[in-house]
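For reference, the structure is listed below as structure tokens.
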Amino acid sequence: MATEDGGSGLNIHPMDQFLVKPLFGNDGTVSMFTVTNVTLWLAIAVVCVVALMVLGTRGRAIVPSRSQSIAEVIYGFVHKMVEDIAGKEGLKYFPYIFTLFIFILVANVIGLLPKSFTTTSHIAVTATMAIAVFLVVTVLGFVKNGASFLSLFWISSAPLVLRPILALIEVISYFVRPVSHSIRLAGNMMAGHAVIKVFAGFAVVYWIAPASIVAITAIYALETLVVCIQAYVFTILTCVYLNDALHPHH
Amino acid sequence: MAIEGDLVQMGAYVGAGLACTGMGGAAVGVGHVVGNYLSGALRNPAAAAGQTATMFIGIAFAEALGIFSFLVALLLMFAV
């Protein structure tokens, strides 16, 4: 993937930052239980979440401290989102959705730190979460509604002639949900970080360097927005899928 | 003029590049969603706050189709 240009001295490797490397040992082989940099940064994300939510809200002050108010704002935000989209019944599954949101948000934001590793840029990480959501929602739909969950695919408000065609389209769109759900997050993270790296590569040419630094700053600001929006989008789609499972009748 | 290298791989790379043009369609779609949201929100700002979630869902669905073309590009690059 590296674009090497020997003539102008540019040596840009935008995808090198996403390489999975073992933390210990030099042979570079990665097996099922190897501790890699992905493991390290996933663990750091979990530690940060626990520190914010457990230590931050430990005081339970009437007038919240700074960390407590951050935790309260995020909690209230996700609570309102679940209630608005999935309804009152959806609030039973609020802990799961909140866990997803805060983990993705913190993992994304940590990935923006210089020299860090963006775990959510790997499809393996996001696909795990997306497939988990898909399985949970599908099982939940059948447990809550029984066979009438299949009416999600049979749109009764459409003309009878169109219904089989629409059912086919609905089934296809149901099964590509985990694909788009996971690749959206991973693709956005990967593309943003690769763009920053490409502009950083231009900085070695002295007469582009100022423009390059300005561009990196601007893209970094954009990325800060994107990581929050992508965490929000992942969560809101989880709520939409949950709503489909709880209320399959259109 | 003789062509050196693997012709099939060249085709796969060209195809991957062409597949990525589909992402432009997703860009148009996302811009359309947000633009219409904004024009509606400026006409009736009181109702705007309640519809941001709907806007993001619309963005996500429009973006999903661009993601499929990106997926085809990735498959051509790494899987075929």
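Quick one: in segment A:64-74, which of the residues that are surrounded by 13 or more Cβ atoms within 10 Å (Cβ to Cβ) and assigned to a helix (DSSP H, G or I) is nearest to the chain's Cα centre (by Cα)?
A:Ile74
Considering segment B:29-73 alone, what residues qualify as being facing chain A (nearest Cβ under 8 Å) and either closer than 17 Å to A:Pro178 by Cα or β-branched (Val, Ile, Thr) (or both)?
Of everything in segment B:29-73, those that are facing chain A (nearest Cβ under 8 Å) and either closer than 17 Å to A:Pro178 by Cα or β-branched (Val, Ile, Thr) (or both) turn out to be B:Ile57, B:Ile59, B:Ala60, B:Glu63, B:Ala64, B:Ile67, B:Phe68, B:Phe70, B:Leu71.
Report whether or not A:Ser116 is under 19 Å from A:Thr224 (Cα atoms) and within 14 Å of another protein chain (Cβ to nearest Cβ).
Taking the combined requirement at face value, the residue does not satisfy it.
Among the residues of segment A:67-87, is there at least one that is among the basic types (Lys, Arg) and either over 26 Å from A:Asp244 (Cβ atoms) or more than 14 Å from chain B (Cβ to nearest Cβ) (or both)?
No: zero hits.
Considering only helices (runs of 4 or more DSSP H) fully contained in segment A:143-250, which possess at least 1 residues that are loosely packed, with under 14 Cβ neighbours inside 10 Å and within 14 Å of chain B (Cβ to nearest Cβ)?
A:163-175, A:209-246
Checking the conditions here, which among A:Ala221, A:Ala209, A:Ala245, A:Ala167 is at pLDDT below 90 and small (Gly, Ala, Ser)?
A:Ala209
Any residue in segment A:56-63 that is free of Cβ contacts under 8 Å to residues at least 40 places away in the same chain and either in contact with a strand residue (DSSP E or B) (Cβ under 6 Å, 6 or more places away or on another chain) or part of a helix (DSSP H, G or I) (or both)?
no
Looking for something surrounded by 13 or more Cβ atoms within 10 Å (Cβ to Cβ), hydroxyl-bearing (Ser, Thr, Tyr) and without any contact (Cβ under 8 Å) to a residue 40 or more places away in the chain - is there at least one such residue anywhere in segment B:28-37?
Checked segment B:28-37: at least one residue is surrounded by 13 or more Cβ atoms within 10 Å (Cβ to Cβ), hydroxyl-bearing (Ser, Thr, Tyr) and without any contact (Cβ under 8 Å) to a residue 40 or more places away in the chain.
With A:Val204, A:Val136 as the choices, which residue is of a type in the set (A, V, I, L, M, F, W, C), in contact with a Leu (Cβ under 8 Å, 6 or more places away or on another chain) and in contact (Cβ under 8 Å) with a residue 40 or more places away in the chain?
A:Val204
The values are calculated or read from the model by the stated rules, or taken from the named source; none is laboratory data. Everything quoted here is computed from the prediction, not taken from an experiment. When we count neighbours, we look across all protein chains shown, and the Cβ atoms used for this are built from the backbone with ideal geometry, even at glycine.
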